[in-house]
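The values are calculated or read from the model by the stated rules, or taken from the named source; none is laboratory data. All values reported here derive from a predicted model rather than from experimental measurement. Note that each Cβ is placed from the backbone with ideal geometry, even for glycine, and that neighbours are counted across all protein chains shown. All accessible areas refer to the heavy atoms of the entire protein, side chains included, with ligands and DNA or RNA removed. Shrake-Rupley method; radii C 1.70, N 1.55, O 1.52, S 1.80 Å.
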Amino acid sequence: MSTLTASSKPWPLRQPVVFLVLAALAWLALYRVLDPASEAIVAALPVDRNSHLGGALQFFFYDTPKVLLLLTGVVFVMGMINSYFTPERTRALLAGRTEGVANVMAATLGIVTPFCSCSAVPLFIGFVQAGVPLGVTFSFLISAPMVNEVALTLLFGMFGWKIAALYLGLGLTVAIVSGWIIGRLKMERYLEDWVREIPKVTVSLEEGSLTLADRVEAGFKSVREIVGKVWPYILGGIALGALIHGYVPQDFMASIMGKDAWWAVPLAVVIGVPMYTNAAGVIPIVQALLAKGAALGTVLAFMMSVIALSLPEMIILRKVLKVRLIATFAGVVATGILIVGYVFNIVL
């Protein structure tokens, strides 16, 4: 019976090591031909490569497969890693920790956990049941969408390790400090009554017994769930980025998102909050804005507000939080993002 079951599995699960080696080689080979392939496609079209349309098309044909390749590869690898960090294990790691250290742990765990705004409510309830302090829970909820593997990998692929590391440090700082401040404000009374009345449960940290094949399967599942959900945002973000890259004058973008306009950072945050997208959708827009002369601090503030302060997440959180706590959460995080934007516009 076990032999028949094993033989019915697809070959990547029967030979996971061989599959991982071949997949890595194929990924690298495809990544290396992206630039010449995009130039060849534009050259084959009846379009002048040096025109606005030619530049926009080359941007689109290069960035679309690049972002999808990066996203697929990283989501697959992180899906394998995330098999170690189930919601139960995450709650167990944070339960019973004191504030401060726990805020740092929660923000760091947010990097390697695949949770988004759609899972905010069940995660919040689970943390409350496990006795995780409110401020620590917010450190996690801020970090998980904002400083995730997708954002960091795409930033690394498009801008290099310095920008990716800068974003990592900034995002963790905002998540840790914001969660700590919310914890110090003692706002548990602004949880919805039914949430405060949830009975506490004890969670334990159990070791998993997954094989390499199981973790490969978890990687495939992650790709189906995450890439399958975000690819429309990717195409939309790249299309908008291509239009900015090809048609928006550099002087115009520098005038409204440059260092000299004091109102550029708060305007970027205000524009970013109601946008419904994620890191995969917003980073191509960020790339185009920077190429057109927008200031790094302003663009980072825009990106952080889109990912960490999305209006849909706040609507979802309204099921478990009263308006005053949501407003406090948004105000504290927005203040942190504004400080980040101004500091880096001054320093860089």
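Annotations
- Heavy-atom accessible area with a 1.4 Å probe sorts 142, 125, 81, largest first, into 81, 125, 142.
- For a straight C-alpha distance cut-off of 25 angstrom, the lysines reachable from residue 322 (same-chain residues fewer than eight places away being disregarded) are 186, 200.
- Shown in residue order for segment 178-189 are the 3J(HN,Hα) couplings computed by the Karplus curve 6.51 cos²θ - 1.76 cosθ + 1.60 at θ = phi - 60°: 4, x, 5, 5, 4, x, 5, 6, 6, 9, 4, 5 Hz (x for Gly and Pro).
- What the Cβ-Cβ distance of residue 25 and residue 243 gives, at R0 = 30 Å and to the nearest 0.05, is a FRET efficiency of 0.25.
- The label point for residue 44 and the one for residue 229, both projected 7 Å from the Cα toward the Cβ, are 3.5 nm apart.
- Candidate cross-link partners of residue 9 among the lysines, defined by an alpha-carbon separation under 23 Å and a same-chain spacing of 8 or more, comprise 221.
- Approximate spin-label separation residue 343-residue 311, in nm, with each point projected 7 Å along Cα-to-Cβ: 3.0 nm
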